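Notes for the one structure printed next.
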Amino acid sequence: DTEVTQTPKHLVMGMTNKKSLKCEQHMGHRAMYWYKQKAKKPPELMFVYSYEKLSINESVPSRFSPECPNSSLLNLHLHALQPEDSALYLCASSQERDIGNSPLHFGNGTRLTVT
Amino acid sequence: SQKIEQNSEALNIQEGKTATLTCNYTNYSPAYLQWYRQDPGRGPVFLLLIRENEKEKRKERLKVTFDTTLKQSLFHITASQPADSATYLCALGSSGGSYIPTFGRGTSLIVHP
C-alpha cells in the first residue's frame, strides 16, 4: 500500500456528470501533483500545487478543475468530460517542489471511464 | 523536440540473469534522472535518483549509470527474480521544466523462472 491514498479506485461517468477525484497524504509533503496516464503511455503532468497554491497548469482543459483545500488533500473536479478523457489519474506528492532532492510518491490512481 | 526513449518491446530474461534497461534522451539538459517501477493498475514507485554530476548509483540489486555525453542512462537489476517483472519508467528533470519529472513510456521486464 502507498502512503498516498486516492479515491475512488474506479469511476464510470457520463459526459454530463460532475464528479470529483480525491487524494490524501499525511507525510507532510508540501507539493502535490495530478498526472494522467493512458494505456502503454507515460504519465503526463496536469497540475502542480506547491504550499497549497497552484503553481503549474499544463494547459489542461477547464473541464478539469483542481483544488487543494489543505496541505494533505488534493481534489480534481470533473465536469462535461469526453470519452477520450478516460485514463488512469494519478496523484503524487513530494517533500518540496525541488524534485532534485525529493522523489515523487504516487497513489495507485483512479481508473476513470467516460461513457 | 525533446524526447525520452525507452524500448517499447518487452525485455524477457531468465531468473538469475542481469536485466539491463535503457533510457535515451534528446534535447534535454537534465539536472537529474530517476527510475520508477510500475505494476499493472498501480502508481509508479520510486527506485533511484542520479544527478547530472554522478556517473553511477547503487541500491541493493539495482544499479543506475548516467552518461550525459551519450545522453543515456542504463538501469541494471542483478540476480533478477520473477517478482522483478514490471514496467520500469525513467524520468528526467531539468531547469527548463521547473525540475518536475517528465516520464518516458517505460519498458516492460518479464523475468522467467
Checklist line | Cβ-Cβ under 7 Å pairs, at least 6 apart or on other chains, region B:29-44 side at the interface with another protein chain (Cβ under 7 Å from one of its Cβ atoms), far side polar (S, T, N, Q) | finding: B:31/B:94; B:31/B:95; B:42/A:108; B:43/A:2; B:43/A:108; B:44/B:38
Margin query: Looking at region B:57-69, can you tell me whether even one residue there is of a type in the set (Lys, Arg) and in contact with a His (Cβ under 6 Å, 6 or more places away or on another chain)?
Written below: yes
Next item on the list: Name every residue in region B:37-69 that is closer than 22 Å to residue B:83 by Cβ and part of a strand (DSSP E or B), in order of residue number.
Entry: B:37, B:38, B:45, B:46, B:47, B:48, B:57, B:58, B:59, B:62, B:63, B:64
Next item on the list: Return the total of residues in region B:75-99 being without any contact (Cβ under 8 Å) to a residue 12 or more places away in the chain and either crowded, with 22+ Cβ neighbours inside 10 Å or in contact with a strand residue (DSSP E or B) (Cβ under 7 Å, 6 or more places away or on another chain) (or both).
Entry: 1
Notebook entry, point to check: Looking only at strands (runs of 3 or more DSSP E) that fall completely inside region A:1-73, which ones have 1 or more residues that are within 14 Å of chain B (Cβ to nearest Cβ) and touching a residue at least 24 places away in the same chain (Cβ under 8 Å)?
Noted result: A:4-7, A:10-13, A:18-25, A:31-37, A:44-50, A:53-57
Notebook entry, point to check: If only one of B:69, B:102 is under 27 Å from residue A:111 (Cβ atoms) and either out of contact with any Leu (no Cβ under 7 Å at 6 or more places or on another chain) or touching a residue at least 60 places away in the same chain (Cβ under 8 Å) (or both), which one is it?
Noted result: B:102
Next item on the list: Mind listing whichever residues of region B:56-113 are basic (Lys, Arg) and away from chain A (no Cβ under 14 Å)?
Entry: B:58, B:61, B:63, B:71
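Rule-based calculations on the coordinates, nothing more; no lab input. Fair warning: this is a prediction, and the values are worked out from it, not measured in the lab. Positions of Cβ are backbone-derived with ideal geometry, glycine not excepted, and every protein chain shown enters the neighbour counts.
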